[in-house]
1. Starting from residues that are in contact (Cβ under 8 Å) with a residue 12 or more places away in the chain and assigned to a loop (DSSP other than H, G, I, E, B), keep the ones in the range 1-22 and report whichever is farthest from I73 (Cα to Cα).
2. Within the range 41-55, how many residues are outside any helix (DSSP H, G or I) and of a type outside the set (D, E)?
3. With respect to D105, is the statement that it is of a type in the set (D, E), at pLDDT 95 or above and out of contact with any Ser or Thr (no Cβ under 6 Å at 6 or more places or on another chain) true?
4. Taking interchain pairs and intrachain pairs at least six residues apart, which have beta carbon atoms under 7 angstrom, with the first residue in the range 36-56 and among the aromatic types (F, W, Y) and the second surrounded by 14 or more Cβ atoms within 10 Å (Cβ to Cβ)?
5. Which residues, counting only those in the range 108-133, are surrounded by 16 or more Cβ atoms within 10 Å (Cβ to Cβ) and either modelled with pLDDT under 90 or closer than 16 Å to S57 by Cα (or both)?
6. What are the residues in the range 27-40 that are surrounded by fewer than 14 Cβ atoms within 10 Å (Cβ to Cβ) and in a loop (DSSP other than H, G, I, E, B), if any?
7. Can you tell me how many residues in the range 56-83 are touching a Pro at 6+ places or on another chain (Cβ under 8 Å) and either in a strand (DSSP E or B) or at pLDDT 95 or above (or both)?
Amino acid sequence: MFHKTLPQDLIKFGLIPEFVGRVPVVVALDSLDEEALVRILREPKNAILKQYKALLSLDEVELEFEDDAVKEIAHKSFERKTGARGLRSILESVMNEVMYEVPSDETIARCIITKDAVLGTGKPVIEYRTQKVGNNNEGSIAMNSASGTQGDEVKKAQ
């Protein structure tokens, strides 16, 4: 219905004609669905998830977001009807503790944001290195027994 609004309708609603005359185009916007919000979190060149990953990579920490966690962030924003702007505040509340913990602990290798962390029923999964970053033995590679891949040996803490 709002898509069919005419300037005369705005005047009947109570806007003064001088203002309506200066607004050249009247556009109706539809709210974003959860799928669009997930795409906003992931796809743009400067997406907020990419910004947080880059920020933690400065401390040589790998940040991962589980798919369920990203969907839950979008779901919360959709429920609150805050749209794309609400994504940042939700993500900041999830990442608040992590952002204080990571720079002060050089043994953190990876942080995984889970759905429980977004819901507030759990904490992000943090994996620790066995050696500190910048140690003289940083050239040595240990096997990660949990995944069978090469890389820093890590211990999980939940």
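1. Among them, the one singled out is L6.
2. Residues meeting the conditions: 4.
3. no
4. Y52/L63; Y52/M95
5. I108, A109, R110, C111, I112, I113, I126, E127, Y128, R129, Q131
6. Within the range 27-40, V27, A28, L29, D30, S31, D33 qualify.
7. Within the range 56-83, residues that are touching a Pro at 6+ places or on another chain (Cβ under 8 Å) and either in a strand (DSSP E or B) or at pLDDT 95 or above (or both) number 0.
For (1) within 17 Å of G120 (Cβ to Cβ); (2) among the aliphatic types (A, V, I, L, M), each residue gets a yes or a no:
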residue: D9; (1), (2): no, no
residue: E18; (1), (2): no, no
residue: L55; (1), (2): no, yes
residue: L58; (1), (2): no, yes
residue: V98; (1), (2): yes, yes
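The values are calculated or read from the model by the stated rules, or taken from the named source; none is laboratory data. For clarity, every value in this text was computed on a predicted model and none was experimentally measured. Cβ coordinates were reconstructed from backbone atoms using ideal geometry, including for glycine residues, and neighbour counts include every protein chain displayed.
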